[in-house]
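Each remark here refers to the structure printed beneath this line.
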Amino acid sequence: MQLPSDFFGWVGFLLSKYGSLFLQGTGMTLLISLTGTVIGFLIGLLVAILRTVPTTRRTSLPMRGLKTGMNVLLSAYIEVFRGTPMIVQAMVIYYGAMQAGIIGRGTPIPVVAIFIVSINTGAYMAEIIRGGIISVDNGQKEAAHAIGMTHWQSMVNVVLPQAVRNIMPSIGNEFVVNIKDSSVLNVIAVSELFFMSKSAAGTYLRYFEVFAITAVIYFILTFTVTRILRLIERKMDGSGTYTILGSQTDSQSAITVTESNKEG
Amino acid sequence: MKKIVSILLALAMLIGVSSAMAEGTLRVGMECNYAPFNWTQAEPSDFTVPIDGGAGYADGYDVQIAKKIAEGLGMDLVIVKTEWDGLPPAVTSGAIDAIIAGMSPTEERKATLDFTDPYYTSELVVVVKKDGAFAAATSLADFTGAAITAQLNTFHYTVIDQIPGVNKLPAMESFPAMIVALQSGAIDGYIAERPGAVADTTANPDLTFIKFDEGKGFTTSEADVSVAVALNKGSDLVAPINAILAGIDTDTRNQMMLDATARQPLSTAE
Amino acid sequence: MEKNPTLLEISHLMKRFGNHEVLTDISFTVGEGDVTCIIGASGSGKSTLLRCVNFLEEPTAGQILFRGKDAETGWKRAEYHSKVGMVFQSFNLFSNMSVLDNCNSGQMRVLKRDRKTATEKTMMYLTKVGMAPYCNARPAQLSGGQKQRVAIARALAMDPEVLLFDEPTSALDPEMVGEVLAVMRDLALGGLTMLIVTHEMSFAKDVCNRVIFMDQGLIVEDGAPGEIFTQPRQARTREFLSRVLQR
């Protein structure tokens, strides 16, 4: 077989020779970005809850000191990890920890990579979630307070579910950003999709064809993730219809009300 | 959440400690993206070494040198595929033992890394279009007025100034990018090392490269056109590796390079 | 007024926001079974007073006693809030939950009731306010009057001893005011202790057994509705009533 001569010929050729490596790279990209984003989201939630703990005039001085200290630490965390590029964070964390003996050569690199993506994402998520919390009507928190819920309970049961629903588009953004930005992890020897593409391009010296394949793969990944998130959004909204219960004796008298014919 | 992360790290540390016990491993870092020095392929062969982490197999001149070194040191070879900018911190932090990645022992690099003796010395050529104005050039002067570029952050870019009256264009990121630029006419030629140029022109038969006879080509320092093994400052592997390299003479090296070039996926597309 | 146990005792309550003093010196008591209406012009501090009672605002000075114990220090927060419930002007139903879950959530999370007990209570109170068939609806799918009735049921499900109402019908369309006032009237007749901030003067006249008129952070007059509405003693009260009762 001669070397192919046209664009599609090369694409087919590259897929046949490098197909399994593209797949492996894609798998690694997905693993790191998905897991990292989810954990980052949880970190962001935790940070948001901690930062919004209220102080009343009854809060003791040591508690106030603790709260202020914690706020300072969390703010520093957010500023540092938003303010530095993830590629720098990756090198500093991985090679720094290696130098300090915190991790060893046998430490699975994907674990460290997920850790890096998580804390990086967490910093962004904390601010996104803070925006979502601000957008939730204050009355919701007041009603939760009036019923006797603690700060944690009102956040977890009332405020955060609504905040998260509001910020789903931003969360989708973070997923997409992470899928693409995971490529910088090749500096700590992660064989993700972009690094694999560089290998293919460097071996076969076909720029357009290789990166056309890569672009299509990235697009499929991000498109799928955003579609799934839209589904989750719709699920969070609940059904557009509800059933008015009929009387005890006659279930047939149940009426289903749809969004369009509700009263008032 | 932070608790879970620290537990994970602690576990990882345990795994790390236990496998560091496997003393006889030589971890070598390279990009595996630059045929015929080092590349990645999907299928194993008698010559390949599996890439750590399971993403393909590495082969190329650098891999073969690494094999000989590991054999000579009595250690198992592990190839850690890492992007170029991550290689120096990898070796200084101890994540890998050596860099065998077509890296030249420049003065700047010697500030942070120790280098062995060269394991390959190459010549600089200019890649041009076969039907272009410069296809018949034989000396640097023949390139007067040509639009020439080279790869970013390499000494290739500095030697362009040796061409009298050259039109030096901004450096470009990679060889595939320069091939595209050449084919589209954006540039008249780019600087490459001979093995790389052989690869480039095999993949793109509309290109050829100009090699210069003794005295008619670029003036370069030994450090610039050779590549050596980079190690952490103070590494005690420098002397043993030099001893092994001394046992591989120039003819053998040239043959190894020819073999690697013949083996690279482009040449063997069957 | 009959002699009945004092539930709430408010002494010299003062609330300042920055430089602005909203409550100057408020002192009164609420006895068991009292249905007290607080009336007054906007800005008189009525809502602030209510919000101080359940600590949505922190009083700058003064004391609130519930059943003789200090409301802030003598009672566990969760217990205090279940005993002193609140219904808001803007309903504030939890929009991420169904009507059923709205009423269950406080019971289950604060009072630690199990789902079965909570649901039974919820359905009982939803029936009482006439919203039982809508237990699966979400707040966004209900009208204002329906939402407020659910809000009342939600507060009742906590088995409160006092229920605070912060202008419960002010945000409703006129046709729906009636259904909410009917529910409130039922509760009053049933003996629930209520503290209501309202502009509905006829309701105040009919249902309350005590009216407090507030102006500029002070209680100006305090007495039975018969007295306050027909023979107000203070000039300011007369002024206010003449303005309001014109409509």
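The values are calculated or read from the model by the stated rules, or taken from the named source; none is laboratory data. On a predicted model such as this, the values are computed, not experimentally measured, just so you know. Virtual Cβ from ideal backbone geometry, glycine too; neighbours counted across all protein chains shown. Ligands, DNA and RNA are excluded from the accessible area calculation, which covers all protein heavy atoms including side chains. Shrake-Rupley method; radii C 1.70, N 1.55, O 1.52, S 1.80 Å.
A few remarks follow.
- When residues of the range A:13-26 are limited to those that are of a type outside the set (S, T, N, Q) and either at pLDDT 95 or above or open to solvent by 40 Å² or more (accessible area, probe 1.4 Å) (or both), the one nearest to A:N178 (Cα to Cα): A:L23
- Residue count for the range B:196-253 under the criterion of being farther than 27 Å from B:P265 by Cβ, modelled with pLDDT under 85 and among the charged types (D, E, K, R): the result is 5.
- Residue within the range B:104-111 that is in contact with an Asp or Glu (Cβ under 8 Å, 6 or more places away or on another chain) and modelled with pLDDT of 90 or more present: no
- Boolean, C:M108 is more than 7 Å from every other protein chain (Cβ to nearest Cβ), among the aliphatic types (A, V, I, L, M), under 20 Å from A:V159 (Cα atoms) and in a helix (DSSP H, G or I): yes
- Out of C:P160, C:P174, one residue alone is farther than 14 Å from C:T36 by Cβ, touching a helix residue (DSSP H, G or I) at 6+ places or on another chain (Cβ under 6 Å) and open to solvent by 10 Å² or more (accessible area, probe 1.4 Å). It is C:P160.
- Considering only residues in the range C:128-152 that are aliphatic (A, V, I, L, M) and within 13 Å of the chain's Cα centre (by Cα), the one that is nearest to C:L195 (Cα to Cα) turns out to be C:I152.
- Within the set C:F213, C:F203, the sole residue that is assigned to a helix (DSSP H, G or I), among the aromatic types (F, W, Y) and either open to solvent by 10 Å² or more (accessible area, probe 1.4 Å) or more than 12 Å from every other protein chain (Cβ to nearest Cβ) (or both) turns out to be C:F203.
- Any hit, the range B:69-84, residues being open to solvent by less than 40 Å² (accessible area, probe 1.4 Å), at the interface with chain A (Cβ under 10 Å from one of its Cβ atoms) and modelled with pLDDT under 85: no
- Count of the range C:136-170 residues, restricted to those that are farther than 22 Å from C:G33 by Cα and within 10 Å of another protein chain (Cβ to nearest Cβ), is 11.
- Any hit, the range A:27-47, residues being at pLDDT below 90, closer than 21 Å to A:G122 by Cβ and within 18 Å of the chain's Cα centre (by Cα): no
- Selection status of B:I187, buried (at least 18 other Cβ atoms within 10 Å of the Cβ) and under 22 Å from the mean Cα position of the chain (by Cα): no
- Consider the range B:85-114 and keep the residues that are at the interface with chain A (Cβ under 9 Å from one of its Cβ atoms) and of a type in the set (S, T, N, Q). The one that is most open to solvent (accessible area, probe 1.4 Å) is B:T92.
- Annotation for the range A:95-116: at least one member residue is aromatic (F, W, Y), surrounded by 15 or more Cβ atoms within 10 Å (Cβ to Cβ), more than 21 Å from the chain's Cα centre (by Cα) and within 12 Å of another protein chain (Cβ to nearest Cβ).
- Index of the failed condition, A:V92 passing every other in (1) assigned to a helix (DSSP H, G or I); (2) touching a helix residue (DSSP H, G or I) at 6+ places or on another chain (Cβ under 6 Å); (3) among the β-branched types (V, I, T); (4) within 10 Å of chain B (Cβ to nearest Cβ): (2)
- Residues in the range C:188-240 that are under 14 Å from the mean Cα position of the chain (by Cα) and within 19 Å of C:T48 (Cβ to Cβ) were compared, and the one that is modelled with the lowest pLDDT is C:H199.
- Unmet criterion (only one of (1) outside any helix (DSSP H, G or I); (2) acidic (D, E); (3) within 14 Å of another protein chain (Cβ to nearest Cβ)) for B:D200: (1)
- Filtered residue count, the range A:168-208, keeping only those that are within 10 Å of chain B (Cβ to nearest Cβ) and either part of a helix (DSSP H, G or I) or under 30 Å from B:N204 (Cβ atoms) (or both): 23
- Among the residues of the range B:153-184, those that are of a type outside the set (D, E, K, R), open to solvent by 10 Å² or more (accessible area, probe 1.4 Å) and not in a helix (DSSP H, G or I) comprise B:N153, B:T154, B:P164, B:G165, B:V166, B:N167, B:L169, B:P170, B:A171, B:M172, B:S174.
- Of the candidates A:I43, A:I49, A:I32, the single residue that is of a type in the set (A, V, I, L, M), touching a residue at least 24 places away in the same chain (Cβ under 8 Å), more than 12 Å from every other protein chain (Cβ to nearest Cβ) and under 22 Å from A:I171 (Cβ atoms) is A:I32.
- The set of residues from the range A:172-183 being closer than 21 Å to A:E127 by Cβ, open to solvent by 10 Å² or more (accessible area, probe 1.4 Å) and in contact (Cβ under 8 Å) with a residue 40 or more places away in the chain comprises A:E174, A:F175, A:V176, A:K180, A:D181.
- Scan of the range C:58-87 for residues that are open to solvent by 10 Å² or more (accessible area, probe 1.4 Å), of a type in the set (A, V, I, L, M, F, W, C), facing chain A (nearest Cβ under 9 Å) and closer than 30 Å to C:T24 by Cβ, ordered by number: C:M86
- The range C:114-135 - residue that is surrounded by 19 or more Cβ atoms within 10 Å (Cβ to Cβ) and outside any helix (DSSP H, G or I) and, of those, nearest to the other protein chains (Cβ to nearest Cβ): C:C135
- Against the test of being outside any loop (DSSP other than H, G, I, E, B), over 16 Å from B:P176 (Cβ atoms) and in contact with a strand residue (DSSP E or B) (Cβ under 6 Å, 6 or more places away or on another chain), the options B:A228, B:A192 yield a single qualifying residue, B:A228.
- Criterion violated by C:L164 - all others in (1) more than 16 Å from the chain's Cα centre (by Cα); (2) not in a helix (DSSP H, G or I) satisfied: (1)
- Within the range C:94-105, the set of residues being more than 18 Å from C:P160 (Cα to Cα) and either modelled with pLDDT of 95 or more or assigned to a helix (DSSP H, G or I) (or both) comprises C:F94, C:V99, C:L100, C:D101.
- Complete set of residues in the range B:115-133 that are under 17 Å from the mean Cα position of the chain (by Cα), open to solvent by 10 Å² or more (accessible area, probe 1.4 Å) and of a type outside the set (S, T, Y): B:F115, B:D117, B:P118, B:E123, B:L124
- Among residues of the range B:107-141, those that are in a helix (DSSP H, G or I) and charged (D, E, K, R), counted: 4
- In the condition set (1) more than 26 Å from B:A95 (Cβ to Cβ); (2) aliphatic (A, V, I, L, M); (3) in contact with a Leu (Cβ under 7 Å, 6 or more places away or on another chain), A:A90 is compliant with all but (1).
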